[in-house]
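Q: The structure that follows is given in the form of structure tokens.
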Amino acid sequence: MKDAIHERVVTRMIEYIETHLDQVITLRDLADAGQYSPWHCARLFKEQLGVSPFAYIRKLRLTKAAEQIISSDRKIIDVAFDFIFDSHEGFTRAFSREFGVSPSHFRDGGHPIPVFLPPQLRKKWRSIQRGKSMNEPSMKTVFVQVIERPKRKLIVKFAKKASHYFEYCEEFGCDVWGVLTTIKEAMYEPVGLWFPENLRKKGTGEYAQGVEVPYDFDGTIPDGYEIIDLPEASFMVFQGPPFDEEAFESAITDVWELMKSYDPALYGFRWADDAAPRFQLAPMGYRGYIEARPVVALKETKTAI
């Protein structure tokens, strides 16, 4: 009973933050929302989410500011003022510490948009809303961007029944990736792919590994491999934070958790899982786990109707 009450207190504070992000928020404001003393509210917030209320507010403001910077041509100082930073210099310092790049370079470089809340905090918040408690205090940022792939071909080795990487390796061993990296005409690095049922070759599994090559490719195809057409498509790419190599499984599942709850309509898209295979890049700790899911622009959907 006591835990449930504490979770409701934190939920009220989170909801207050979300609706007052463009205003000055004091500990007294959060205490009024949580209906406890300022000290008690701050302690409960840190216990429940693993971060202080003001660390949470800062990360959320910087992430929302990054979204505006990359998706509009508004002046950076105006964005800074919107999120209660009182100077260009202070905002630049905070932004650079959080994302490793200045706001202006972030915009000019076409960096992916950071998404908040992070996977662990999303799970924590959902558990609070369900009246349960979880001890996952880690705060992480996942980046999202939309990419375009042209019409192209895929050199691929299909499995008979694999639905994920480990089943695929059980069928073929782990040599397929090495073969794919030897194809000099490759447009990008090799990928693992999940084929939707409508694009799946009869008698093959959901998961396969392949590498994309230009549509006019006329090179040599390795023995036991096939080449198929892939249509022009858009993908929403999710990139998790760097991770220790021994923690690669949790790094993948964290990104999957976010993808399950993420609404692509926030950026004007809808999921289009039957339009192209979903794909993953090799999990490498230094760059984080990367996975892409096909999307279609909402305006295109309306035009088709």
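The values are calculated or read from the model by the stated rules, or taken from the named source; none is laboratory data. In this text the structure is predicted, and so the values were computed from the model without any measurement. Reconstructed Cβ throughout: ideal geometry from the backbone, glycine too, with neighbour counts over all protein chains shown.
Q: Could you grab me the full set of residues in the stretch 63-87 that are touching a residue at least 60 places away in the same chain (Cβ under 8 Å) and either closer than 16 Å to ILE25 by Cα or of a type in the set (Asp, Glu) (or both)?
A: Of everything in the stretch 63-87, those that are touching a residue at least 60 places away in the same chain (Cβ under 8 Å) and either closer than 16 Å to ILE25 by Cα or of a type in the set (Asp, Glu) (or both) turn out to be ASP82, PHE83, ILE84.
Q: Based on what the data block shows, is VAL213 within 21 Å of TYR289 (Cβ to Cβ) and either among the β-branched types (Val, Ile, Thr) or touching a Cys at 6+ places or on another chain (Cβ under 7 Å) (or both)?
A: Against the criterion (within 21 Å of TYR289 (Cβ to Cβ) and either among the β-branched types (Val, Ile, Thr) or touching a Cys at 6+ places or on another chain (Cβ under 7 Å) (or both)), VAL213 does not qualify.
Q: So is GLY210 over 22 Å from the mean Cα position of the chain (by Cα) and either crowded, with 17+ Cβ neighbours inside 10 Å or in the same structural domain as ILE70 (by TED's automatic domain parsing) (or both) or not?
A: So GLY210 passes the test.
Q: Taking the stretch 25-76 as the region of interest, how many residues are out of contact with any Ser or Thr (no Cβ under 7 Å at 6 or more places or on another chain), of a type in the set (A, V, I, L, M) and within 20 Å of GLU98 (Cβ to Cβ)?
A: 11
Q: Please go through the stretch 9-53 and give me each residue that is in contact (Cβ under 8 Å) with a residue 60 or more places away in the chain and part of a helix (DSSP H, G or I), ordered by number.
A: VAL10, THR11, ILE14, GLN48, LEU49
Q: With the requirement that a residue be of a type in the set (Ser, Thr, Tyr) and under 9 Å from GLU206 (Cβ atoms), what does the stretch 155-172 give you?
A: SER163
Q: Kindly provide the set of residues from the stretch 255-304 that are in contact with a helix residue (DSSP H, G or I) (Cβ under 8 Å, 6 or more places away or on another chain) and over 28 Å from GLN68 (Cα atoms), ordered by number.
A: Hits for the stretch 255-304 are ASP274, ALA276, PRO277, ALA282, PRO283, GLY285.
Q: To continue, here is another question. Taking the options GLN48, GLN23, name whichever one is at pLDDT 85 or above, polar (S, T, N, Q) and in contact with an Asp or Glu (Cβ under 9 Å, 6 or more places away or on another chain).
A: Every option except GLN23 fails the conditions.
Q: Another one. GLU249 - would you say it is in contact with a strand residue (DSSP E or B) (Cβ under 9 Å, 6 or more places away or on another chain) and either over 16 Å from ARG278 (Cα atoms) or not β-branched (Val, Ile, Thr) (or both)?
A: The answer is no for GLU249.
Q: If you don't mind, there's one more thing I want to ask. Kindly indicate the residue of the stretch 169-200 that is at pLDDT below 90 and among the hydroxyl-bearing types (Ser, Thr, Tyr) and also surrounded by the fewest Cβ atoms within 10 Å (Cβ to Cβ) among those meeting that condition.
A: THR182
Q: Evaluate the following for TYR56: is it of a type in the set (Phe, Trp, Tyr) and either part of a loop (DSSP other than H, G, I, E, B) or surrounded by fewer than 19 Cβ atoms within 10 Å (Cβ to Cβ) (or both)?
A: So TYR56 fails the test.
Q: If you check PHE235 against the conditions, is it touching a helix residue (DSSP H, G or I) at 6+ places or on another chain (Cβ under 7 Å), in the same structural domain as LEU298 (by TED's automatic domain parsing) and crowded, with 19+ Cβ neighbours inside 10 Å?
A: No: the conditions fail for PHE235.
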